[in-house]
Each structure stands twice: as C-alpha cells, then as structure tokens.
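Report on the structure given below.
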Amino acid sequence: MLHVLERVGVPSAGAELRLDLPPPARVEAREALARRGIGAGEPYAVLLPGASCPARRYPPERFARVAADLSAAGLAVVVAGSAREAALVAQVTGAGRATTTGPVPPARHATTTAPTPRTRRATVTGETGLGVPGLAALIAGSAVVVSNNSGGAHLASASGRPVVVLFAGTEEPAQYAPRGTPAAVLTVPTSCAPCRQLRCPYGLECLDIPPPDVARHALRLAGGG
C-alpha cells in the first residue's frame, strides 16, 4: 500500500517496523533470564513454537531438536510463548533438554560462526510468564529468534533482531516475511500453497524442514552472517 500512497503524493516513512520498549519491560525480561541462569551479556536464542492455528506450527518435536542443536553449539535457548501455550512450551523445552546431539556445523557460505561450541550443553529453558511487552523485550535482547509465521516473527523484525521464520504455505512469504532485519525464511514449496487453511490435511509438507538446517541458519544469523 505504501507505493500506492507515494504515487498520489503522500510521503512514506518507510516499511521498516521499530518498537520502543518501556523500561519496565526490559527489566522484566532481564529478571526472567536471570531466574533461568542466563546472565547479563550471555547470548541466547528465543524459540517461539506457537502460532494462531495448527497449519502454521512447525512440529514441536522438530523445534525440540533445533533447541538441542543450538544448545550443543553453546547458545542458551529460551523457548517462549503465552500462558495458554504453556503445555507446548514445556513439551519443546523438555524434549530439547533430553535430546542428545553433537555440535552443529556452520551453514554453507557463512562468513562467521557463533557461538564457539562448549564442552557442555548450554541452557534450554522455557518462559510463558511474560506479557507482550516483556516478550518483546526478551526478543529484543536475543542473538537470534526462531519462529513460525506468527506475531513473534514480527516482533523480532520490529526489534531489529535476526530471525529464522518457518513459513507455512498458508500465506505468501513475500507478503508477510520480515522486513528490515536479517532473516532466513524457510519453507518447502507445495502445489497447494497458499492454502489459507487453519489445518493441513497433507501432513504439513510445506514445513518439512530438517531441524539441523534450521539450527545452521540460526547460528549463521547469530554470528552476523
């Protein structure tokens, strides 16, 4: 719509989103991290497994593998969501802690890798007690966000944080992909996309993305690649 307005002489401030976070939200996020053993200045990833409908949700067991891979590479992981997503967050967090995996190799063509693999796994923890401002602050302080095509991906974009979006075939990526921030939009092309459906009858073929690929993209973005 911006280009339409520009053609009739209405100036545009640009398409990039930016959030101004209230100080209490930043304090809330810092306190939540401290309670979970993630210190000030320690890099962490935020994983957001929820979405408004089942057709947009990358399978939780695959999110758990992504969490495990990032943890094995030395990046603390916060699996976050709303209070009503507590069961989903707990499922991903628990499985992510339990999964055994080795360090993840860097993404192909990446110029920087981060963080340096540790001899022990980093923290995998869950958080569902934050409101929207606190969640936005948690995202704003992260090294990278991994999200479905959901409000969390847009919060990451508005916060200027690198984001991996697991984009279901329910909508067109070109219409809803992040703008103005480093991003990897991952999807599998299918003949039924965009379907605009709430539930998928085909086993979420559009989200058949290997978790190691997701983790490699996340580590590349966390390292500035």
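The values are calculated or read from the model by the stated rules, or taken from the named source; none is laboratory data. Given the structure is predicted, the values throughout are model-derived calculations rather than measurements. Neighbour counts run over all protein chains shown; Cβ positions are idealised from the backbone, glycine included.
When you check Val78 against the structure, is it in contact (Cβ under 8 Å) with a residue 60 or more places away in the chain, touching a helix residue (DSSP H, G or I) at 6+ places or on another chain (Cβ under 7 Å) and on the phi < 0 side of the Ramachandran plot, yes or no? Considered against the rule, which asks whether it is in contact (Cβ under 8 Å) with a residue 60 or more places away in the chain, touching a helix residue (DSSP H, G or I) at 6+ places or on another chain (Cβ under 7 Å) and on the phi < 0 side of the Ramachandran plot, Val78 comes out as yes. A residue that is modelled with pLDDT under 50 and hydroxyl-bearing (Ser, Thr, Tyr) cannot be found anywhere in the range 121-133.
Count of the range 16-41 residues, restricted to those that are β-branched (Val, Ile, Thr) and either at pLDDT below 95 or in a loop (DSSP other than H, G, I, E, B) (or both), is 1. Annotation: of all residues in the range 41-50 being touching a residue at least 24 places away in the same chain (Cβ under 8 Å) and over 11 Å from the mean Cα position of the chain (by Cα), the one that is surrounded by the most Cβ atoms within 10 Å (Cβ to Cβ) is Tyr44. Screening the range 164-222 for residues that are among the β-branched types (Val, Ile, Thr) and either assigned to a loop (DSSP other than H, G, I, E, B) or farther than 27 Å from Gly96 by Cβ (or both) and picking the one that is farthest from the chain's Cα centre (by Cα) gives Thr190.
Looking at the range 51-67, which of the residues that are in contact with a strand residue (DSSP E or B) (Cβ under 7 Å, 6 or more places away or on another chain) and either within 14 Å of Leu130 (Cα to Cα) or buried (at least 23 other Cβ atoms within 10 Å of the Cβ) (or both) is modelled with the lowest pLDDT? Ranking the candidates gives Arg56 first. All conditions but one from (1) surrounded by 17 or more Cβ atoms within 10 Å (Cβ to Cβ); (2) modelled with pLDDT under 95; (3) in a loop (DSSP other than H, G, I, E, B) apply to Val10; the one that does not is (1).
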